[in-house]
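**Q** Got a structure for you, written out below as structure tokens; questions coming shortly.
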Amino acid sequence: MILFSNNDAAYRTWLTANPLGFVVNAEKTPTDRYLKLHRAACVHIQDYVGRNPTSTGYIKVCSCDRAELADWALAATGGGWLDPCPTCRPDGVSAADGGPSQSPAPPSRPERSPDDRELLDRFAAAVELLDRHFAGNPQRLADENAEAELRRWLDGADIPLEWAGPNVTPDEWFLITTLYGQRTRDQQRLLIRSLFPRFILEAGRDIRGLTPQVTRNWVFDQEWMRPRLLRMAGILMERGLSMSGYVDHLRALEASATPNDPMPALDAIVRDHQATGWKTLSVFVRDCVGGHCFPIDSRVRKELERHRLPSDPEAERLLVGLALAIGRNPRQVARMFYEAGGVGGDYSA
Ligand SMILES: [Zn+2]
């Protein structure tokens, strides 16, 4: 049995020499809370060899004899048990035991939860690298001002829209984000600029002023837009809330987010709308409510892939949960991935 701590090179050498061996991943000061037993060939182990597997808070204890590792765990933690990895199933029969010759379980997709320790480690290591990279240049990560951006875009070189004040109100935000739909930026802008003045004149700049009667001659270019706006008005009327009151309620919900319930505001508005399509609701929550988000575009995807992190469009919720699990603001972490993904440099090496 051999214990590797702050010695990545020696650990890699051992892995290469012992492909049928076993590896315990434990905290630097081992506790019975975390004693993960893997096969050396496990995807969770192999995916990690190029990083700092024994020098970022964890140690690796290795042996070709599982019993030896179990004894170590008991002694090192005063009674701890090894926790076999569900991916590589190191507690099953393997060739090393003289059983039927078989390769380790095929690498399967890791469990997608912020509770997955390996995934969380990988995420934390990536953020640490990015932190180091951007330490000298924090301005690059400043959150862009969503309101100023929106107004610049919609006003453009045309006559400015008649905004209620210097900012963008929750009512204006909801109208505008609903009118985004899945269309080009120019189509969005045209529709918003055509309906915004009517929103002021006919609905008093208040979502609650939108009724079937008021909107009967409004021309939308997607079928679900009118019902979405009317539904929002209905929710506010039922609850005796203004749009700002509703946004306050969403912000209060978001403050209670946890790694396993990372986007409560978005969940609430989707539930309230009984919505099946919710892209524009998520933009509303992101830009007006300031809710948690981890937008994944091609730049962010590139950087996520470099760190072997999930990058499919459904991964946003998981990534938000991972950021919360390490006590970070998901939006700002996403911004780092975005900035790093655009420069083509490899900061993960
Ligand atoms: Zn494993």
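FYI, it's all coordinate maths here, none of it is from the lab. Just so you know, these numbers come straight off a predicted model, no measurement behind them. Please note: Cβ atoms are built from the backbone with ideal geometry, for glycine as well, and neighbour counts cover all protein chains shown.
**Q** Order these peptides, 262-269, 150-157, 165-172, by their mean beta-carbon neighbour count within 10 angstrom, highest first. If you can, show how the numbers build up before the last one.
**A** On the way: 262-269: 22.5, 150-157: 13.4, 165-172: 17.4.
Result, highest mean first: 262-269, 165-172, 150-157.
**Q** To the nearest 10 degrees, how steeply does helix 117-134 sit against the main Cα axis of the chain, on a 0 to 90 scale?
**A** 70 degrees
**Q** Next up: Taking the Cα centre of each part, how many Å lie between the stretch 157-184 and the stretch 232-297?
**A** About 18 Å separates the Cα centre of the stretch 157-184 from the one of the stretch 232-297.
**Q** Here's a follow-up. Treating the angle as unsigned and between 0 and 90°, give the value, to the nearest 10°, between the Cα long axis of helix 225-239 and the longest Cα principal axis of the chain.
**A** Helix 225-239 sits roughly 90 degrees off the main axis of the chain.
**Q** Report, in deg cm²/dmol and to the nearest 500, the calculated mean residue ellipticity at 222 nm for the chain, where each DSSP H run with n ≥ 4 adds -39500 (n - 2.57) and the sum is divided by the residue count.
**A** Value at 222 nm, helices only: -14000 deg cm²/dmol.
**Q** Quick check: residue separation of Arg271 and Ala255 times 0.36 nm, minus the Cα distance between them. What number comes out in nm? Working shown, then result.
**A** Details: separation 16, 0.36 × 16 = 5.76 nm, distance 1.80 nm.
Full-extension gain reported as 4.0 nm.
**Q** The stretch 3-86: which trypsin sites (Lys or Arg not before Pro) are DSSP loop and have at most 15 other beta-carbon atoms within 10 angstrom? Write out the running numbers ahead of the final one.
**A** Details: sites: Arg12, Lys28, Arg33, Lys36, Arg39, Arg51, Lys60, Arg66; in loops: Lys28, Arg33, Arg51.
Of the trypsin sites (Lys or Arg not before Pro), the ones in loops of the stretch 3-86 whose Cβ has at most 15 other Cβ atoms within 10 Å are Lys28, Arg33.
**Q** Now, a different point. Under 10 Å, Cα contacts only: if you run a Gaussian network model on the chain, which one of Ala70, Ala142, Ala41 comes out with the highest mean-square fluctuation?
**A** Between Ala70, Ala142, Ala41, it is Ala142 that shows the largest mean-square fluctuation.
**Q** Sticking with this one: Give me the number: length gained by fully extending Asp297 to Asn52, i.e. 0.36 nm times residue separation minus the C-alpha to C-alpha distance, one decimal in nm.
**A** Numbers: separation 245, 0.36 × 245 = 88.20 nm, distance 2.75 nm.
Extra length available between Asp297 and Asn52 comes to 85.4 nm.
**Q** Now for a separate question. Pop a pseudo-label 7 angstrom from the Cα along the beta-carbon direction at both Asp91 and Ser242 and give the gap in nm to one decimal.
**A** Label-label distance for Asp91 and Ser242, simple model: 5.8 nm.
**Q** Another question, then. For the stretch 186-201, just list the computed ³J(HN,Hα) in residue order, Karplus coefficients 6.51, -1.76 and 1.60, θ = phi - 60°, integers in Hz, with x standing in for Gly and Pro.
**A** Each residue of the stretch 186-201 in turn: 5, 5, 4, 4, 4, 5, 5, 5, 7, 8, 4, x, 6, 4, 6, 6 Hz.
**Q** Note the full-extension length gain between Asp155 and Asn329 as 0.36 nm times their separation in residues minus their Cα-Cα distance, in nm to one decimal.
**A** Here the answer is 59.6 nm.
**Q** Hey, quick one: spin label on Ala10, modelled 7 Å out along Cα-Cβ, who in the stretch 28-67 has an amide N within reach, i.e. under 15 Å?
**A** Of the residues in the stretch 28-67, 53-55, 59-63 have backbone N under 15 Å from the label point off Ala10.
**Q** Tilt of helix 330-343 relative to the longest C-alpha principal axis of the chain, in degrees (0 to 90, nearest 10)?
**A** Between helix and principal axis, roughly 80 degrees.
**Q** Right, something else. What lysines does Lys28 reach when the alpha-carbon gap must be under 28 Å and sequence neighbours fewer than 8 apart in one chain are set aside?
**A** Output for Lys28: Lys36, Lys60.
**Q** To the nearest 0.05, how large is the calculated FRET efficiency for Glu305 and Leu230 if R₀ is 45 Å and r is the Cβ-Cβ distance? Walk me through the numbers before you get to the answer.
**A** Details: r = 42 Å, r/R0 = 0.93.
With a Förster radius of 45 Å, E is 0.60.
**Q** Here is a follow-up. Would you kindly derive the ³J(HN,Hα) couplings of the stretch 281-293 from the backbone phi angles with the Karplus curve 6.51 cos²θ - 1.76 cosθ + 1.60 (θ = phi - 60°), listing them in order in whole Hz, with x for Gly and Pro?
**A** Each residue of the stretch 281-293 in turn: 5, 6, 5, 4, 5, 5, 8, 8, 7, x, x, 5, 7 Hz.
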